[in-house]
Each structure stands twice: as C-alpha cells, then as structure tokens.
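Asker: A single structure is presented below for examination.
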Amino acid sequence: MAGLERLGGGHASAVLAFELANREFFAAAVTDRGDAYFDRFTERFQALLAEQEAGICAFHVLVDGDGSVLGRFNLVDIEDRRAELGYRVARHVTGRGVATATVRELCGLAAERYGLRTLRAATAHVNTASQRVLVKAGFVRAGAADPADIGGKPGIWYEREL
C-alpha cells in the first residue's frame, strides 16, 4: 500500500529511479530537467534536504509498498502561511485518482503540520489532467492577470484556502 512520506536521505535512489523512468512522460507537460540535473542529482538532492531543514520547503514522496516512488508532492516557498504546491506522479498510476487523493492529503498536512492557510499551484495550459486534479482537490482558478510560466510553457494559477 502506498503512503505519503516526508522526503529524507533514504529516498534518494528511489527518487532518482522515479525521475529517470518518467523523464519523457514529464517532459510532455513541463520542460525537461536536462542531463545536468541527473548528472548532479546527489548534490541537488542534498540541497533539497537543506531547504527542507531550513523550513523554506516541505518535500514529500508517495512511496509504494515495494519502496518505489509513485509521486512527488512538494510545498515550496513557504512564507507568511502560504506556499506553492507542486507535484508529479508516475505515468503508470495516472488516471487512477492517485494525484487527487495525495494532493488532498497534502492539503491537510499543509494546514495541520505546517500551519499554512493558502496554497497556490500552477499548471501548463496543455496539462488538463493536472487542472482536473487541482479542481477535484478544492482549488479554484486564480486571476487571469497573473499568468504562470511552467518551465517556459504558458500556464494558469490555481489557489486553495485551507
């Protein structure tokens, strides 16, 4: 059974495997991370853990019963009881409600564990599946005057009061 866990040092190899296995799939909705990301993965992973320790971000992984990562669910730029939500799930679990259920769970954690009151999330215009996830999880479209840039792709913001 899958469970949402706060990112820790022991997740590094499973996160790398998840990112590599789904690289092409993710690149369809957001700009590819590039070879440099994978070449310097260990360094970047340690930087994420340092940001989390500093309270700037809260990173989570959805871990399957076999230890593999099914998704990443992150709260970034935590400030003034607000944060941005970002997430990605493995291709083989899309369309099964995994992202929606986990985003809902993270919204609860955001309020209870981290004391947040507002979450924002951006999605590329072409990523209609992510837009459906956000709406099902209680997010509403934010002002059109604030367009989102998702790795160079045009997008829209959603927001949820917790």
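The values are calculated or read from the model by the stated rules, or taken from the named source; none is laboratory data. On a predicted model such as this, the values are computed, not experimentally measured, just so you know. Here Cβ is always computed from backbone atoms with ideal geometry, including for glycine, and neighbour counts include all displayed protein chains.
Asker: Name the residue that is surrounded by the fewest Cβ atoms within 10 Å (Cβ to Cβ), counting only residues in segment 1-22 that are in contact (Cβ under 8 Å) with a residue 12 or more places away in the chain and not hydrophobic (A, V, I, L, M, F, W, C).
Answerer: Step one: filter segment 1-22 for residues in contact (Cβ under 8 Å) with a residue 12 or more places away in the chain, giving 1-9, 11-12, 14-22.
When the remaining residues are screened for being not hydrophobic (A, V, I, L, M, F, W, C), the result is 3, 5-6, 8-9, 11, 19, 22.
Details: G3: 12, E5: 14, R6: 12, G8: 11, G9: 8, H11: 21, E19: 18, N22: 19.
Ranking the candidates gives G9 first.
Asker: Within segment 88-97, identify whether any single residue is touching a residue at least 60 places away in the same chain (Cβ under 8 Å), assigned to a strand (DSSP E or B) and under 14 Å from the mean Cα position of the chain (by Cα), and answer yes or no.
Answerer: So the first thing to find is which residues in segment 88-97 are touching a residue at least 60 places away in the same chain (Cβ under 8 Å), and the list is 88, 90-91.
Checking which are assigned to a strand (DSSP E or B) leaves us with 88.
Still in the list and also under 14 Å from the mean Cα position of the chain (by Cα): 88.
There is at least one residue in segment 88-97 that is touching a residue at least 60 places away in the same chain (Cβ under 8 Å), assigned to a strand (DSSP E or B) and under 14 Å from the mean Cα position of the chain (by Cα).
Asker: Within segment 69-86, does at least one residue satisfy the condition of being surrounded by 18 or more Cβ atoms within 10 Å (Cβ to Cβ), modelled with pLDDT of 95 or more and in a helix (DSSP H, G or I)?
Answerer: no
Asker: Can you tell me which residue is farthest from the chain's Cα centre (by Cα) among those in segment 23-34 that are in a helix (DSSP H, G or I) and free of Cβ contacts under 8 Å to residues at least 60 places away in the same chain? Before the answer, list the steps.
Answerer: The initial filter retains those residues of segment 23-34 that are in a helix (DSSP H, G or I), namely 23-27.
If we keep only those that are free of Cβ contacts under 8 Å to residues at least 60 places away in the same chain as well, we get 23-24, 27.
Working: R23: 15, E24: 17, A27: 15 Å.
Taking the candidates together, the pick is E24.
Listed here are the residues, each with its yes/no results for (1) under 19 Å from L116 (Cα atoms); (2) touching a Lys or Arg at 6+ places or on another chain (Cβ under 7 Å); (3) free of Cβ contacts under 8 Å to residues at least 12 places away in the same chain.
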{"residue": "A36", "(1), (2), (3)": "no, no, yes"}
{"residue": "A54", "(1), (2), (3)": "yes, no, yes"}
{"residue": "H60", "(1), (2), (3)": "yes, yes, no"}
{"residue": "R81", "(1), (2), (3)": "yes, yes, no"}
{"residue": "G86", "(1), (2), (3)": "yes, no, no"}
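Asker: Being touching a helix residue (DSSP H, G or I) at 6+ places or on another chain (Cβ under 6 Å), assigned to a helix (DSSP H, G or I), over 30 Å from A142 (Cβ atoms) and not aliphatic (A, V, I, L, M) narrows it down to one of F45, F38, so name that one.
Answerer: Working: F38 fails: touching a helix residue (DSSP H, G or I) at 6+ places or on another chain (Cβ under 6 Å).
Just a single option satisfies the conditions, and that option is F45.
Asker: Also, I was wondering about something else. So which residues in segment 52-68 are over 15 Å from the mean Cα position of the chain (by Cα) and in a helix (DSSP H, G or I), if there are any at all?
Answerer: E53
Asker: Also, I was wondering about something else. Quick one: which residue in E161, E105 is surrounded by fewer than 17 Cβ atoms within 10 Å (Cβ to Cβ) and within 12 Å of F73 (Cβ to Cβ)?
Answerer: Working: E161 fails: within 12 Å of F73 (Cβ to Cβ).
Residue meeting the stated conditions: E105.
Asker: Kindly provide the set of residues from segment 108-127 that are surrounded by fewer than 16 Cβ atoms within 10 Å (Cβ to Cβ) and in contact (Cβ under 8 Å) with a residue 60 or more places away in the chain, ordered by number.
Answerer: If the condition is that a residue be surrounded by fewer than 16 Cβ atoms within 10 Å (Cβ to Cβ) and in contact (Cβ under 8 Å) with a residue 60 or more places away in the chain, then V126 is the only one that fits.
Asker: If you check A101 against the conditions, is it farther than 19 Å from A21 by Cα, small (G, A, S), at pLDDT below 95 and within 17 Å of the chain's Cα centre (by Cα)? Quick ask: steps written out before the conclusion?
Answerer: Details: farther than 19 Å from A21 by Cα: yes; small (G, A, S): yes; at pLDDT below 95: no; within 17 Å of the chain's Cα centre (by Cα): yes.
So A101 fails the test.
Asker: Got a sec? Which of A121, A129, A148 is in contact with a Pro (Cβ under 9 Å, 6 or more places away or on another chain) and within 21 Å of F25 (Cβ to Cβ)? Working first, answer last.
Answerer: On the way: A121 fails: in contact with a Pro (Cβ under 9 Å, 6 or more places away or on another chain); A129 fails: in contact with a Pro (Cβ under 9 Å, 6 or more places away or on another chain).
Criteria check complete, one pass: A148.
Asker: For segment 104-127, give me each residue that is in a loop (DSSP other than H, G, I, E, B) and either of a type in the set (S, T, N, Q) or modelled with pLDDT of 95 or more (or both).
Answerer: In the first step, residues of segment 104-127 are kept if they are in a loop (DSSP other than H, G, I, E, B); the result is 113-117, 125-127.
Correct list: R113, Y114, G115, L116, R117, N127.
Asker: Still on this model: Taking segment 128-153, which residues are surrounded by 19 or more Cβ atoms within 10 Å (Cβ to Cβ) and assigned to a loop (DSSP other than H, G, I, E, B)? Please lay out each step first, then the result.
Answerer: The initial filter retains those residues of segment 128-153 that are surrounded by 19 or more Cβ atoms within 10 Å (Cβ to Cβ), namely 130-131, 133-134, 137, 139, 150.
Hits for segment 128-153 are A137, F139.
Asker: A follow-up question, please. Condition check: surrounded by fewer than 13 Cβ atoms within 10 Å (Cβ to Cβ) and closer than 25 Å to L16 by Cα. Does E53 satisfy that?
Answerer: On the way: surrounded by fewer than 13 Cβ atoms within 10 Å (Cβ to Cβ): yes; closer than 25 Å to L16 by Cα: yes.
For E53, the condition - surrounded by fewer than 13 Cβ atoms within 10 Å (Cβ to Cβ) and closer than 25 Å to L16 by Cα - is met.
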